[in-house]
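Colleague: Please read through the structure below; I'll follow up with questions.
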Amino acid sequence: MGNSFKPYMGEIVSIASEVIKTAKPHVCHTNNNMFSLDTDSEDEDVGELYVDQNVIEEINAAIHCLGQIAVACPVEYTSYLKDTIMLLENLQCNYDDSVRS
C-alpha cells in the first residue's frame, strides 16, 4: 500500500496539514451579552454558544487521514513526522475533546 500512496503522499499530507492549521471553528453568541471572568456575578445571562461542528469534524478527519497514512506507509512518512508532531502539539489545548484525543 505504501508504494501506491508514494506519488501522492506529499500532496495529501500538505492538504491535511493545511486544514489542521487553518480551520477555525466559528463561535457565535445567541445574545449580545458577553460573559466576563472579571465579575463575580452568577446572574450574568451569556445566552448560548454555538460552535460549528462541521469544522471540528473537518479537523478530526484531517488528523485521522495523517494517522492512517503514517500507519500504512511508516517509512515514507518519516520525512513528515516532525511537522506532524508540531501540528498535533498545537492542538493539545483545543477546547474540543475529540480534537485533543
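The values are calculated or read from the model by the stated rules, or taken from the named source; none is laboratory data. Predicted model, so just to flag it, every value in this text is computed and none were measured. Cβ sites come from the backbone with ideal geometry, for glycine too, and all protein chains shown count toward neighbours.
Colleague: Please work out which one of (1) assigned to a helix (DSSP H, G or I); (2) modelled with pLDDT under 90; (3) touching a Cys at 6+ places or on another chain (Cβ under 6 Å) is the condition Ile56 fails and give its number.
Modeller: Condition (3) is where Ile56 drops out.
Colleague: Would you tally the residues in the stretch 61-93 being among the polar types (S, T, N, Q) and either buried (at least 17 other Cβ atoms within 10 Å of the Cβ) or part of a loop (DSSP other than H, G, I, E, B) (or both)?
Modeller: So the count comes out to 2.
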